[in-house]
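Participant: Let me begin by handing over the structure; questions about it come next.
The values are calculated or read from the model by the stated rules, or taken from the named source; none is laboratory data. Only a predicted model underlies this, so the values are computations on that prediction, with no experimental measurement involved. Here the Cβ positions follow ideal geometry from the backbone for every residue, glycine too, while neighbour counts run over all protein chains shown. All accessible areas refer to the heavy atoms of the entire protein, side chains included, with ligands and DNA or RNA removed. Shrake-Rupley method; radii C 1.70, N 1.55, O 1.52, S 1.80 Å.
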Amino acid sequence: MDRRWIVVLAGVGTVVALWTFVFFTVPVWMQAVVVQLGDPVRTITEPGLYAKIPFVQQVLYFDKRLLDYEASPKEILTKDKQQLVIDNYSRWRIDDPLQFYPTVRNEAGAQSRLDDIVYSDLRETLGRHTLSDIVSGQRSVLMDQITAASDAKARSYGIRLIDVRIKRADLPEKNEQNVFNRMRTERERQAKRFRAEGDEEARKVRSDADKQVRILTADARQKADIARGEGDALAVKIFADAYGRDPDFYAFVRAMDAYRKTIDEGTTLILSTDSDFFRWLSSPTRSDAPGR
C-alpha cells in the first residue's frame, strides 16, 4: 500500500479518535456533568462543543426540561379521621447536576426520593385539615404549601420542585358505602324537613283561602238578602199601590189567575151559586161584577 494512503488513514483515525474520546457535544435540551475517576468535576449547562481528557474523564447527560412524575395512589388520614386515597403528580427539573449525580444518580433515583418527600408532606399537611377543606376550594392553597415544603427538601438533591397537584382524592372502597348511606340519610332528613315546611305552608294557604271564601260568601249573601228584601219591599209596594187604585179589578185578576191554575180542560166543578170562587162565573149583570 502506498505510504501516502497510510498517512491519510492514520490522520483520519486520529481525527475520529480525537472526536470520539476528546470532544463531545451538549444538545440544547440537555446538560452535562464531567466525571473524573468517579467524581464530578464540572457542570455544562449551555449547548455547544466541549473537550474532555480521554480515558480519564467521562460525560454524563441529564435532561434540563420540565419532567413529570406520577405517584402511585396512597392513603392518608384527615383531621376528622376520614381516610382518603390520594393520587398526585409532580413537575420537577434537575436544577444542579453536580449535586444531583452524587445524591440520586439518575431520574429513577430522583423520582424515588421525590415520592418519599412529597408523600410525607402530603400526609403531614392534609392531616391537619378536614375532608371538607381538602375537597373544597382550599385545595389549591394546601397544594401550594405542600409544593413549597417539598421543594425546600428536594433542593439538597439538586432538584427543583415546580408543582405538586392532586389528580384524584377518593374514599377507600370500604368507606364509600358508609359515606353514601350517610349522604342518603342526610338527604332524606332534609327532604322530610322540606316536605313538612311545604305542608305547613300549604295548610296556611288553604286556611287563608277558606277564610277569604267564607268572608266573600257571607258578604255576598248579605248583599243578596238586602237586595232581595229591597226587591220584595218594592214588589209589595207596587202591589199595594195597584190594589189601592182598583180593588175590584185586582180581585178579578187574582180570580182569573186562580181559575187558570185550578181548572183545565175536562175539569168538572160543583160549586154553590153563592160561593166566592163562583162569583166571577155568574152573570155579569150582578151588582158586584166588575164595572158595575
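Participant: Within region 28-38, work out how many residues are touching a residue at least 24 places away in the same chain (Cβ under 8 Å), open to solvent by 30 Å² or more (accessible area, probe 1.4 Å) and not aromatic (Phe, Trp, Tyr).
Facilitator: Going through region 28-38 one residue at a time, the tally reaches 1.
The rows are residues; the columns are (1) open to solvent by less than 30 Å² (accessible area, probe 1.4 Å); (2) closer than 30 Å to Gly38 by Cα; (3) in contact with a strand residue (DSSP E or B) (Cβ under 6 Å, 6 or more places away or on another chain).
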{"site": "Pro54", "(1), (2), (3)": "no, yes, no"}
{"site": "Gln57", "(1), (2), (3)": "yes, yes, yes"}
{"site": "Ser90", "(1), (2), (3)": "yes, no, yes"}
{"site": "Pro97", "(1), (2), (3)": "yes, yes, yes"}
{"site": "Glu107", "(1), (2), (3)": "no, yes, no"}
{"site": "Asp121", "(1), (2), (3)": "yes, no, no"}
{"site": "Thr125", "(1), (2), (3)": "yes, no, no"}
{"site": "Leu131", "(1), (2), (3)": "no, no, no"}
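Participant: Return yes when Ile146 is aliphatic (A, V, I, L, M) and not in a helix (DSSP H, G or I) and no when it is not.
Facilitator: no
Participant: Can you spot a residue in region 191-212 that is open to solvent by less than 90 Å² (accessible area, probe 1.4 Å) and assigned to a strand (DSSP E or B)?
Facilitator: No - not one qualifying residue is present in region 191-212.
Participant: Would you confirm, using the coordinates I've provided, whether Arg168 is closer than 17 Å to Lys74 by Cβ, open to solvent by 80 Å² or more (accessible area, probe 1.4 Å), more than 34 Å from the chain's Cα centre (by Cα) and of a type outside the set (Gly, Ala, Ser)?
Facilitator: Judged against the criteria, Arg168 is not a match.
Participant: Could I ask something else about it? In region 138-151, which residues are open to solvent by 70 Å² or more (accessible area, probe 1.4 Å) and without any contact (Cβ under 8 Å) to a residue 12 or more places away in the chain?
Facilitator: Passing the criteria: Gln138, Val141, Asp144.
Participant: Inside region 4-23, can you point out the residues that are exposed (fewer than 10 other Cβ atoms within 10 Å of the Cβ) and either of a type in the set (A, V, I, L, M, F, W, C) or not in a helix (DSSP H, G or I) (or both)?
Facilitator: Trp5
Participant: Within the bounds of region 96-112, is there any residue that is touching a residue at least 12 places away in the same chain (Cβ under 8 Å) and farther than 21 Å from Gly158 by Cα?
Facilitator: no
Participant: Condition check: exposed (fewer than 10 other Cβ atoms within 10 Å of the Cβ), charged (D, E, K, R) and either under 30 Å from Asp96 (Cα atoms) or free of Cβ contacts under 8 Å to residues at least 12 places away in the same chain (or both). Does Glu186 satisfy that?
Facilitator: no
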